[in-house]
Amino acid sequence: MLKRLLKLFDSPDGKKRVIKENQHQIPRQDISQAALKVIHQLQNANHAAYLVGGGVRDLLLDGHPKDFDVATDATPEQVREIFRSARIIGKRFKIVHVRFGREIIEVTTFRGHHNDADSDTQASQSDHGVILRDNVYGDIESDAIRRDFTVNALYYDPNTREVLDFTGGAADLDKRLIRIIGDPETRYKEDPVRMLRAVRFAAKLGFRIETTTDAPIRAHADYLSHIPPARLFEEVLKLFMAGYATATLNLLRDYHLFGYLFPGTEQQLEKGAEYDIEFVTQALINTDKRIRQNKRVTPAFIYAAMLWPQLQAEMRALKEHNISPQEAMQRAAQGIISQQLGHTAIPKRFLIVVREIWSLQLRLPRRDGRRAYVLMEHPRFRAAYDFMLLREQAGEKLDGLGLWWTRFQSVDKEGKEKLIASLKGKGKKRPNRNRRPRKNPTNKADS
Ligand code: ATP
Ligand code: MG
């Protein structure tokens, strides 16, 4: 068993430890054939090549890795010569994608220390000390200490079937600890996204963030403002679409990191309205559940949900101006989205869907005549319906709207007509513009 054997290797001298085949239980059948082939071919060409990163970590934890990374002493150009399907990608951090059918194996060249003579052109830092480029190559040991956490710096050689550990990662796996390699502050400064990664792995693996790794995070959460919005968008997807979104949100808020991803949402949640917290939480519970059931989740749904509390607050404020709910939503959405784009970029194709999910919230209550049929044909109907159910779940009173739509979808034509008839005198009423706006915010989409 992993636990027993790792004790043997828990020596604090910082030297390389070798975990032999009979001392770990990596199930060979769980390793991607494509990754094994890549390693085999690199080794055949006289290069060192190992499985590394999350793949090894998850194999040792008896999990099923979602992807496999390979580390090698071959340069990206050399890797490209070996594999016809290889493509060099990334500028900041060059990696090679080797494609085998539908699978892509990420191959990275061992990174080295930045003080090497020729490193100037291959490495650069921003004014804030953030590493902008890291293409200085080195050996396996320098590669290990440039990785983020000890549990992510284990190397597996499928040929000898040994695991190599240069940073104490095996012992930390055993203790279920996320420990950053090197001086925490320096490493967060070099790449503030590591703070998000610490939280992501803690939530995903159910590990504790080791004390010195944990200590600087709250004080330096603001380093995240040095990261381009496009990279933060990628991180948001990893944080909230991996099946552990609920735990991740709690940790992100606890470490004061969430406000750098969704500042408006954080501000709103801080006010402590039960509906807002409940809504966001329910949305994430729902997302986690869908991922576990292998159902599709779209970033648009997550963004629509994350920004909803803010949208509602803005719409409430705008209602005082006596404008229609549609107009209020339009204006509020505009402001919120442009603010959000300054923090995490959202590709246009998702933004369109976010807006559609929101505007359908105003249309779902209007079901009379042919409207319900038309709505059901809308490409975002399903997402909007799920979203509306979440609102109800979070405590919003929508006058039985969820139940009505659930029934409407499950009955035949006659049943549908009956349901529409049951609305007589209900949904048709036009809102009276001169009426004083209702103070109860939770009913507004129901007018
Ligand atoms: P996941 O299960 O999410 O794929 P992972 O650990 O494989 O987790 P990746 O983002 O795929 O994470 O990165 C692969 C490996 O590259 C990591 O395990 C780590 O060793 C290294 N790495 C990734 N990002 C960083 C970073 N920002 N700083 C240092 N090392 C990193
Ligand atoms: Mg990975």
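Can you send over the solvent-accessible area of Asp73, 1.4 Å probe, protein chains only, in Å² to the nearest 10?
Answer for Asp73: close to 70 Å² accessible.
Please give the contour-minus-distance gain from Lys20 to Gln293: 0.36 nm per residue of separation, less the Cα-Cα distance, rounded to one decimal in nm.
On the way: separation 273, 0.36 × 273 = 98.28 nm, distance 3.63 nm.
Between Lys20 and Gln293, full extension yields 94.6 nm more.
Could you provide, to the nearest whole Å², the per residue accessible area of region 1-175 with probe 1.4 Å? Present the calculation step by step, with values, prior to reporting the outcome.
Numbers: 8920 Å² over 175 residues.
Result: 51 Å² per residue.
Rounded to the nearest 0.05, what FRET efficiency do Lys418 and Ser359 give with R0 = 25 Å and r taken as the Cβ-Cβ distance? Could you check? Don't jump to the answer; show the numbers that get you there.
Values: r = 28 Å, r/R0 = 1.11.
The pair Lys418/Ser359 has a calculated efficiency of 0.35.
Which of Thr281, Asn44, Phe408 sits closest to the plus end of the dipole of the chain, meaning its Cα is farthest towards the positive end, when Lys and Arg get +1 and Asp and Glu get -1 on the C-beta?
Value: Phe408.
Working with all protein chains in place, sort Leu61, Leu403, Leu423 by solvent-accessible area computed with a 1.4 Å probe, largest first. Spell out each step's value before the answer.
Details: Leu61 50, Leu403 100, Leu423 10 Å².
These residues rank, largest area first, as Leu403, Leu61, Leu423.
Just to check I understand the Karplus step: with θ = phi - 60° and J = 6.51 cos²θ - 1.76 cosθ + 1.60, what whole-Hz values come out for region 131-142, glycine and proline as x?
Once θ is set to phi - 60°, the couplings for region 131-142 become 5, 8, 8, 9, 10, 9, 9, x, 10, 4, 6, 5 Hz.
What is the magnitude of the charge dipole of region 229-423 about its Cα centre, with +1 placed on the Cβ of each Lys and Arg, -1 on the Cβ of each Asp and Glu, and no other charges, expressed in debye to the nearest 20? All intermediate terms of the calculation are to be shown ahead of the outcome.
Details: 28 positive and 22 negative charges, 149 e Å.
Here region 229-423 has a charge dipole of around 720 debye.
Work out the length of the dipole vector of region 1-175 about its Cα centre, built from +1 on the beta-carbon of each Lys and Arg and -1 on the beta-carbon of each Asp and Glu, and round it to the nearest 20 debye. Present the calculation step by step, with values, prior to reporting the outcome.
Numbers: 25 positive and 27 negative charges, 105 e Å.
The calculation lands at about 500 debye.
Which aspartates and glutamates have a Cα lying under 14 Å from the Cα of Lys418, excluding residues fewer than 8 positions away in the same chain?
Asp368
With every protein chain in place, what's the accessible area of Met315 (1.4 Å probe, Å², nearest 10)?
10 Å²
Given springs between every Cα pair under 10 Å in a Gaussian network model of the chain, which of Phe301, Phe100, Phe387 has the largest fluctuation?
Of the options given, Phe100 has the highest mean-square fluctuation.
Which value, in debye to the nearest 20, describes the size of the charge dipole of the chain about its Cα centre when Lys and Arg Cβ atoms bear +1, Asp and Glu Cβ atoms bear -1, and nothing else is charged?
Working: 74 positive and 57 negative charges, 628 e Å.
Computed charge dipole of the chain: roughly 3020 debye.
Show Arg92, Arg391 ordered by accessible area, largest first, where the area counts protein heavy atoms only and the probe is 1.4 Å. Intermediate results must be reported in sequence, preceding the final value.
Values: Arg92 100, Arg391 0 Å².
From most accessible down to least: Arg92, Arg391.
Gain in length, Arg133 to Lys175, computed as 0.36 nm per residue apart minus the alpha-carbon separation, to one decimal in nm?
Details: separation 42, 0.36 × 42 = 15.12 nm, distance 3.32 nm.
11.8 nm is the gain from fully extending Arg133 to Lys175.
Quantify, in whole percent, the carbon and sulfur part of the accessible surface of region 178-252 (1.4 Å probe; protein heavy atoms only).
Numbers: 1410 of 2680 Å².
Ligands and nucleic acids excluded, carbon and sulfur reach 53 percent.
Can you send over the solvent-accessible area of Tyr223, 1.4 Å probe, protein chains only, in Å² to the nearest 10?
Ignoring ligands and nucleic acids, Tyr223 comes out at about 30 Å².
Which lysines have a Cα less than 28 Å from the Cα of Lys424, not counting those fewer than 8 places away in the same chain?
Lys319, Lys397, Lys413, Lys416, Lys439, Lys444
Simple spin-label model, 7 Å along Cα-to-Cβ: Arg231 to Ala219 in nm?
2.3 nm
How much of the DSSP bridge set in the chain is antiparallel, in percent, rounded to the nearest 5? Working shown, then result.
Numbers: 27 of 33 bridges.
Of those bridges, close to 80 percent are antiparallel.
Can you give the FRET efficiency for Arg208 and Glu377, using 1/(1 + (r/R0)^6), R0 = 56 Å, r = Cβ-Cβ distance, to the nearest 0.05? Show your work: numbers first, answer last.
Values: r = 50 Å, r/R0 = 0.89.
That pair, Arg208 with Glu377, gives E of 0.70.
In nanometres, what is the gap between the two model label sites at Ile323 and Ser126, each 7 Å from Cα along Cα-to-Cβ?
The answer from the label model is 3.4 nm.
Using the structure shown, list the pairs from Lys66/Lys289; Lys15/Lys175; Lys189/Lys348 with a Cα-Cα distance above 22 Å, or answer none. Each step should come with its number before you reach the end.
Details: Lys66/Lys289 18 Å; Lys15/Lys175 19 Å; Lys189/Lys348 31 Å.
Going by Cα-Cα distance, Lys189/Lys348 fall outside the 22 Å limit.
The values are calculated or read from the model by the stated rules, or taken from the named source; none is laboratory data. Fair warning: this is a prediction, and the values are worked out from it, not measured in the lab. Please note: Cβ atoms are built from the backbone with ideal geometry, for glycine as well, and neighbour counts cover all protein chains shown. When the accessible area is computed, the model is the full protein with side chains, heavy atoms only, and any ligands, DNA or RNA have been set aside. Shrake-Rupley method; radii C 1.70, N 1.55, O 1.52, S 1.80 Å.
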